[in-house]
Every structure is written in structure tokens, then in C-alpha cells.
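Take a look at the structure below.
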Amino acid sequence: MRHGIIDAFVGNWGSGLGYLVIDGQPVPCDNAATVRALDACFGGAIAPGHWVDQESIVGQEIWYSVSPWGVLEAFCPAEDNRRPADEEEQDELF
């Protein structure tokens, strides 16, 4: 698991491609699934007209994992700056 702070989300609803920018690094992801997860974690991420409300996500601290190919696999809010303890706990978080 990696730890970081969300800088932005950039994506195209029509293409299905997105990037969650974490600590200045764009991490490729599935646009729709990531936006739904951001909204579930932080609330208010989905704005009318298929837009992402950047204010609801920028500055949010997360734990996240990236596949060997560099694609976002999963993330969760970093509550109290605690890292998920082990794989079993991680499975429950995602």
C-alpha cells in the first residue's frame, strides 16, 4: 500500500479513461468506477453533468495500491494516518 494526497482527478466520461493525480503523479484508472468510489469515500464528488467536484477530493489523504502495470487498483481514506495492517484487513476496506 502506498500513502498519498489527492491533487486532482482528470478524466473523460466518454472514453472511460481517467487519472487520479496523487502527490503530483497521474495514476491511470477506470473513470466511472473511480469517480463512484471517490463519491462513496468523500461525498459530493459527483457533480451534475458528469463532472467531478474537485473541491470534494483535493487534499484528501488516501492509502492506495497500483497494479504492476501502473493502474490504480484500490484506495481508501487514510483515517488517522493509519496504514491498513495486513491483506485480510485490506480486503475488507475495498
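Yes or no, residue by residue, for (1) at positive phi; (2) among the charged types (D, E, K, R); (3) at pLDDT 95 or above:
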{"site": "Val21", "(1), (2), (3)": "no, no, yes"}
{"site": "Asp39", "(1), (2), (3)": "no, yes, yes"}
{"site": "Ile57", "(1), (2), (3)": "no, no, yes"}
{"site": "Val66", "(1), (2), (3)": "no, no, yes"}
{"site": "Gly70", "(1), (2), (3)": "yes, no, yes"}
{"site": "Pro77", "(1), (2), (3)": "no, no, yes"}
{"site": "Asp91", "(1), (2), (3)": "no, yes, no"}
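Regarding Leu38, is this residue of a type outside the set (Asp, Glu) and over 10 Å from the mean Cα position of the chain (by Cα)?
Values: of a type outside the set (Asp, Glu): yes; over 10 Å from the mean Cα position of the chain (by Cα): no.
Criteria not met by Leu38.
So is Ala47 loosely packed, with under 15 Cβ neighbours inside 10 Å, at pLDDT below 95 and of a type outside the set (S, T, N, Q) or not? It is true that Ala47 is loosely packed, with under 15 Cβ neighbours inside 10 Å, at pLDDT below 95 and of a type outside the set (S, T, N, Q).
The values are calculated or read from the model by the stated rules, or taken from the named source; none is laboratory data. Quick caveat: nothing in here was measured; it's all calculated off a predicted structure. We place every Cβ from the backbone using ideal geometry, glycine too, and count neighbours over all the protein chains shown.
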